[in-house]
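Each remark here refers to the structure printed beneath this line.
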């Protein structure tokens, strides 16, 4: 006879093996993409370099000073993401910007686990495959991987586990999973606030104490948001303000040289939702990710704060659906909203079979085939949407990511800059230069009395536009009174060392 421990272990394996397999497949695919992107010398922005400098500082138990943003710039004055300090030990073992890319891929893969497991409980193993893969390869998650590392990747598994707990009516677990969001990015305090309201609405039949606890939780989110944007961020920002306020009165980039812009009026609700028209496409793709019916779930309201700051802002990159990392937090919200509605449709089935999430490996047989058929139909919607949009998403272009033929020349440029040196560079090698060096981005060193020791450029970098530039002449022109000499030149990569 099997002992209780062995029975429990057998049940655990039977419950989780398929969700784990799906998560591993998604993670492996994303890691392949990130490594291919790395070998192709792809640098969509300077953000990977920025976060690499911050995490490198954390690995040394130092404040996240990021010279790429400006001399002495504390990144906690840009966005509030102290949770990234947890990555310090990982970076200390694997000191490379590629480490951050892999960490992001793993975090996204981990978020697949609860979503696929809940889909399996509701719809069986076929549902786990359908929903788990459609979620894991979702538009916003692909966009985040393609845009390289950003802090919001930490929020993705928190929202997935919290959303599943909401569907399964595990209120304490739901709250606990979402609390760390206030340490991921400042605006996510508003997401916690809306989550508290969703909890209060769902628990309204449980009595006044349950509703009041949920409202108190919502107030915690508001307090965290206000404290962060009114006190913590201005205290650490060089300009003494929140760098991304919607009225445009702050510095935008948040650097001391960024200056302020004229305050602008907040547009009307109609303009916020429809102008430009790409916003409508984003809303449709988001709703499709929730199977459309998921928009009726109170959990879907969690998308509102993220959509509000994006659509009410003036940065066009915020509006789109097919790139960057801005949609990453929306995908787990949409998936859990879909599963919440499906769970409500099939509620009588699970009430009769018990509500233990790990009780059965396959979904119990339903006496209401109509509701089960409807559940399968809406569960297919995210997969169909993904199929229609796949060619516009990063993974579609994975076969096109080949190793850059100038990789050896790039490595030579990296080797020409000794460890411990200060260096100014464009985007191509920005993140790769960070380990062991003090790295600046071209254009953020104007206030330095003593400019960086080295200048590294890639003549092909989009940072230069169509200009013909070399490191020696650029360094001397950018830093009057100082001269540079070329010490490395190969395949468009130039390295110059300061001589005075």
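The values are calculated or read from the model by the stated rules, or taken from the named source; none is laboratory data. From a predicted model like this one, the values you see are computed outputs, not experimental measurements. Cβ coordinates were reconstructed from backbone atoms using ideal geometry, including for glycine residues, and neighbour counts include every protein chain displayed.
Overview of values
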| quantity | calculated |
| --- | --- |
| Where residue 374 falls short, out of the listed (1) free of Cβ contacts under 8 Å to residues at least 60 places away in the same chain; (2) assigned to a loop (DSSP other than H, G, I, E, B) | (2) |
| Out of 42, 25, 85, 57, sole residue that is part of a helix (DSSP H, G or I) and farther than 27 Å from residue 186 by Cα | 25 |
| Enumerated helices (runs of 4 or more DSSP H) restricted to segment 378-478, each holding at least 1 residues that are at pLDDT 95 or above | 407-415, 430-433 |
| Segment 140-157: number of residues that are more than 8 Å from the chain's Cα centre (by Cα), under 18 Å from residue 116 (Cβ atoms) and crowded, with 23+ Cβ neighbours inside 10 Å | 2 |
| Close pairs from segment 418-437: first not assigned by TED's automatic domain parsing to the domain that holds residue 448, partner surrounded by 24 or more Cβ atoms within 10 Å (Cβ to Cβ), Cβ under 7 Å, at least 6 apart | none |
| Residue 6 being within 25 Å of residue 110 (Cβ to Cβ), assigned to a helix (DSSP H, G or I) and out of contact with any helix residue (DSSP H, G or I) (no Cβ under 9 Å at 6 or more places or on another chain) | no |
| Residue in segment 309-328 that is farthest from the chain's Cα centre (by Cα), counting only those that are touching a residue at least 40 places away in the same chain (Cβ under 8 Å) and assigned to a helix (DSSP H, G or I) | 312 |
| Selected residue [under 23 Å from the mean Cα position of the chain (by Cα) and modelled with pLDDT of 95 or more] from 299, 201 | 299 |
| Matching residues, segment 45-54, being out of contact with any strand residue (DSSP E or B) (no Cβ under 9 Å at 6 or more places or on another chain) and either on the phi > 0 side of the Ramachandran plot or part of a helix (DSSP H, G or I) (or both) | 47, 48, 51 |
| Of all residues in segment 221-240 being out of contact with any helix residue (DSSP H, G or I) (no Cβ under 7 Å at 6 or more places or on another chain) and within 16 Å of residue 184 (Cβ to Cβ), the one that is surrounded by the most Cβ atoms within 10 Å (Cβ to Cβ) | 229 |
| Some residue of segment 181-197 being touching a helix residue (DSSP H, G or I) at 6+ places or on another chain (Cβ under 6 Å) and surrounded by fewer than 17 Cβ atoms within 10 Å (Cβ to Cβ) | no |
| Residue in segment 118-130 that is within 22 Å of the chain's Cα centre (by Cα) and in contact (Cβ under 8 Å) with a residue 60 or more places away in the chain present | no |
| Set 117, 121, 92: member being farther than 21 Å from residue 379 by Cα and either in the same structural domain as residue 188 (by TED's automatic domain parsing) or part of a helix (DSSP H, G or I) (or both) | 92 |
| Segment 477-500, residues that are without any contact (Cβ under 8 Å) to a residue 24 or more places away in the chain and within 38 Å of the chain's Cα centre (by Cα) | 477, 489 |
| Qualifying positions in segment 470-481 - within 17 Å of residue 446 (Cβ to Cβ) and touching a strand residue (DSSP E or B) at 6+ places or on another chain (Cβ under 6 Å) | 475, 476 |
